[in-house]
Amino acid sequence: MKIYVDFDDCLCETARGFVDIAARLFGKNVPYEQVKFFNLQQSFELTDEEYEQLMLEGHRPEILLGYEETPGASTVINELLDKGHEVMIITGRPASAYEPSRQWLDEHGLERVKLFCLNKYGRDAFIKNSEFNMELEDYYKIKFDYAIEDSPMAFKFFDHLPELKVLVFDRPWNHEHELPGDNYTRCTNWKAISEKIS
């Protein structure tokens, strides 16, 4: 099988990192459980300038390398690879974040997975003048059997695959979001994801 895995908040605890950054840079003390919007500008009530500063800080190589692994992620992905499945990490991070993201994967035992920076949210959505190494027209040529994703904003990228099973990693910003169809299942951890795929 071919399996799509999102990076941030599926493989690693990015939003928890941004909670700390928002507090450090702007004194915005929003508990992780109250990050109710995938759009962090909205969750932290930031100006456009503050939001850009937040995203630049959160994508610095040393910050990217410091995000904690989501418990069980590398173990389950390696089990899937060992069974002969193909796992592709499809992230909305810009290509400027590719090298530290690749390094993070390698340091967490995920050397075998392919990594692509997909223009998921429109150019300049996070960092101005961003480049990506995969565009949507190329992404749409790939047929996936499963997708693991936390962002409701990304669900539209699965509409072209009616047989796709989408495992929604349960997070505060998607918890109250109505899932688009019967092929969507909410999972609270990697153990649940492993059970659904097997």
key: Within straight-line cross-link reach of Lys83, lysines at Cα separation under 25 Å, skipping those fewer than 8 residues along the same chain   = Lys2, Lys114, Lys141, Lys143, Lys165, Lys191, Lys196
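Report relative contact order for the chain in percent, whole number only (criteria: Cα-Cα under 8 Å, sequence separation at least 6). Before the final figure, lay out each step's value.
Numbers: 295 pairs, mean separation 51.1, N = 198.
Across the chain, relative contact order equals 26 percent.
Report the full-extension gain for the segment Leu56 to Asp145: residue separation times 0.36 nm, less the Cα-Cα distance, to one decimal in nm.
Result: 28.7 nm gained on full extension.
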task = Compute the separation of the alpha-carbon centres of the stretch 146-198 and the stretch 31-96 and state it in Å as a whole number.
result = 16 Å
inquiry  = Between 0 and 90 degrees, rounded to the nearest ten: what's the tilt of helix 14-26 against the longest Cα principal axis of the chain?
reply    = 0 degrees
inquiry  = Given a 1.4 angstrom probe, what's the average accessible area per residue across the chain, in square angstrom?
reply    = 48 Å²
ask   = Considering amide H positions built from the backbone, and no H for Pro or chain starts, which residues 5 or more places from Ile148, or on another chain, come under 5 Å of its amide H?
value = Tyr4, Val5, Asp6, Leu167
inquiry  = Can you give me the distance in nm between label points at Ala95 and Glu137, each placed 7 Å from the Cα along the Cα-to-Cβ direction?
reply    = 1.5 nm
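At 1.4 Å probe size, with the rest of the protein present, what percent of the exposed accessible area of the chain is carbon and sulfur atoms? Write out the running numbers ahead of the final one.
Details: 4610 of 9510 Å².
Ligands and nucleic acids excluded, carbon and sulfur give 48 percent.
The values are calculated or read from the model by the stated rules, or taken from the named source; none is laboratory data. What you see is a predicted model, and the numbers here were worked out from it, not measured in a lab. No Cβ is skipped: glycine too gets one built from the backbone with ideal geometry, and neighbour counts run over all protein chains shown. These accessible areas exclude ligands, DNA and RNA; they are computed on the full protein's heavy atoms, side chains included. Shrake-Rupley method; radii C 1.70, N 1.55, O 1.52, S 1.80 Å.
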